[in-house]
Amino acid sequence: MKTQVAIIGGGPAGLLLSQLLNRSGISTVVLERKSRDYVLSRIRAGVLEWGTVEMLREAGAGDRMNRDGIVHDGCLFSSSERMVRVDFKESCGRQVMVYGQTEVTRDLYDAQDAIGATVLHDVSDVVLNDLDSDAPYVTYTVDGVAQRLECDYVAGCDGFHGVSRPSIPADVRQEYEKVYPFGWLGVLSNTPPAAEELIYANHPRGFALASMRNATLSRYYIQVDLADKVEDWSDDAFWAELKRRLPPSVAETMVTGPSIEKSIAPLRSFVSEPMRWGRLFLCGDAAHIVPPTGAKGLNLAASDVHYLVAAMKKAYLGGDLSGLETYSADALSRVWQAMRFSWSMTTMLHRFPDQNAFEQRMQDSELAYLETSEARRLVLAENYTGLPF
Ligand code: RFL
Ligand code: PHB
């Protein structure tokens, strides 16, 4: 088989890239390790920056989001001392869209089906070959049969544990990492959201987040010990702990119910440079991971795709390779800004095991500054809603 761009991974980065390239007349084949049902069972991101919203619309995958997504003008930050609202719209004139990654992925699969794009599932043994030549190719196995895909370029969209990043020689890669000493326990439940906007809570017992998917589906997270297992947390124990950490007025009135999904995710900041090697281009979690506190992971995957699509269009439609040459630097400059923001939100809102009284006061002062300074709220708003591409 032959294509112009071989895309490894059928998560949001791979599917959005495939959709936008195909719509520009550039052919793709997506190779995904898991089944479609498995990919669609993952519960992950919930907040889309406006740039991501516009890309999904441009991809022809925005109809359901336009109808069912919830536009948010702001969000809340609470601690035992105070409750601060950041009004994104007032501060920086922008908003975000609350619409789950699961739905984004479903819409992208439907859009790919509608244009007859090639997405192969249950693909194993993916190997990227001759990436530093003019004729790279990908070998893989489907239904027990070994296959070969010839291409001009390979897009590595296969997440943190994929094969693409390790295909760049170790002596070329520079990796930066910070592992946080806690995880997030997330619960999805068929209950109305606790509040109209998201609440990020800094509490002496640990961080909590009240989020949502729609009027009858809520998503909550609490900071937990890295050693904790999902089995350690009954639904009752989860709700009791969440209520302790949320503002009392919210905890008193919130509706609880059986969890329909419960999982623990570790928190990490990670960047691998460069994002291009030879004819391989990394996008999304394959190149970088952010802790979820800033709601940036999926949005960064989309911004990488933005730069790569622009570069590919320039190359294929205008014969100009300069966008491909600068892809890594262009994508990384925005990645590092999102890294900084996610790290600062994580640092401001979580309880660290070795946190002393001084560090405690630093967190309180951050929130007090947020409460009193319009400039500080603007900084948060412009980062949360997404820096320009
Ligand atoms: P994905 O989604 O991991 O998709 C990669 C795909 O590649 C496949 N794959 C392979 N395919 C072929 N061959 C191989 N060898 C392969 N190895 C892997 C995988 O099966 C998979 O389908 O990466 P992508 O596309 O880069 O998308 C990134 C996002 O999924 C991720 O950044 C976000 O979910 C992060 N995230 C959030 N991001 C936001 O923007 N806003 C949020 O509110 C937000 N909340 C979150 C989050 C992530 C979380 N977890 C669980 C990590 C909340 C949580 C709890
Ligand atoms: C979510 O709804 O899953 C969500 C929202 C905001 C975050 C992280 C996750 O910062």
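Details
- Boolean, residue 81 is among the acidic types (Asp, Glu), modelled with pLDDT under 95 and not in a strand (DSSP E or B): yes
- All of (1) in contact with a helix residue (DSSP H, G or I) (Cβ under 9 Å, 6 or more places away or on another chain); (2) buried (at least 18 other Cβ atoms within 10 Å of the Cβ); (3) at negative phi; (4) not basic (Lys, Arg) hold for residue 183 with one exception: (1).
- Looking only at the stretch 337-389, and only at residues there that are of a type in the set (Asp, Glu) and farther than 29 Å from residue 71 by Cβ, the one that is surrounded by the fewest Cβ atoms within 10 Å (Cβ to Cβ): 354
Rundown of residues vs (1) surrounded by fewer than 16 Cβ atoms within 10 Å (Cβ to Cβ); (2) among the charged types (D, E, K, R); (3) within 12 Å of ligand 2 (Cβ to nearest atom), yes/no style:
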| site | (1), (2), (3) |
| --- | --- |
| 45 | no, no, yes |
| 49 | no, yes, yes |
| 56 | no, no, no |
| 59 | no, no, no |
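- Across the stretch 104-116, the number of residues qualifying as closer than 15 Å to residue 44 by Cβ and touching a residue at least 60 places away in the same chain (Cβ under 8 Å) comes to 4.
- In the stretch 195-252, residue farthest from residue 76 (Cα to Cα) [restricted to those that are among the aromatic types (Phe, Trp, Tyr) and within 16 Å of ligand 2 (Cβ to nearest atom)]: 238
- Test: residue in the stretch 21-41 that is within 30 Å of residue 248 (Cβ to Cβ) and within 15 Å of ligand 1 (Cβ to nearest atom): no
- Restricted to helices (runs of 4 or more DSSP H) entirely inside the stretch 1-75, those with at least 2 residues that are within 30 Å of residue 279 (Cα to Cα) and free of Cβ contacts under 8 Å to residues at least 12 places away in the same chain are 50-58.
- Filter result for the condition that a residue is within 28 Å of residue 195 (Cα to Cα), in contact with a Phe, Trp or Tyr (Cβ under 9 Å, 6 or more places away or on another chain) and not hydroxyl-bearing (Ser, Thr, Tyr), over 240, 265: 265
- Residue 376, sole failed condition from (1) assigned to a helix (DSSP H, G or I); (2) within 28 Å of residue 177 (Cβ to Cβ): (2)
- Search result, residues across the stretch 47-74 that are of a type in the set (A, V, I, L, M, F, W, C) and under 16 Å from residue 214 (Cα atoms): 47, 48, 65, 70, 71
- Selection status of residue 359, out of contact with any helix residue (DSSP H, G or I) (no Cβ under 7 Å at 6 or more places or on another chain) and touching a residue at least 40 places away in the same chain (Cβ under 8 Å): no
- On the stretch given as the stretch 284-310, residues that are within 9 Å of ligand 1 (Cβ to nearest atom), within 25 Å of residue 171 (Cα to Cα), in contact (Cβ under 8 Å) with a residue 60 or more places away in the chain and in contact with a strand residue (DSSP E or B) (Cβ under 6 Å, 6 or more places away or on another chain) total 3.
- Residue in the stretch 179-190 that is within 10 Å of ligand 2 (Cβ to nearest atom), within 18 Å of the chain's Cα centre (by Cα), modelled with pLDDT of 95 or more and not in a strand (DSSP E or B) present: no
- Verdict on residue 309 being of a type outside the set (Ser, Thr, Tyr), buried (at least 19 other Cβ atoms within 10 Å of the Cβ) and farther than 23 Å from residue 23 by Cβ: no
- Checked against (1) outside any loop (DSSP other than H, G, I, E, B); (2) on the phi < 0 side of the Ramachandran plot, residue 131 meets all criteria but (1).
- Note on the stretch 251-261: among residues that are touching a residue at least 60 places away in the same chain (Cβ under 8 Å) and surrounded by fewer than 18 Cβ atoms within 10 Å (Cβ to Cβ), the one that is nearest to residue 181 (Cα to Cα) is 261.
The values are calculated or read from the model by the stated rules, or taken from the named source; none is laboratory data. Computed from a prediction, not measured in an experiment: that's the story for all the values here. No Cβ is skipped: glycine too gets one built from the backbone with ideal geometry, and neighbour counts run over all protein chains shown.
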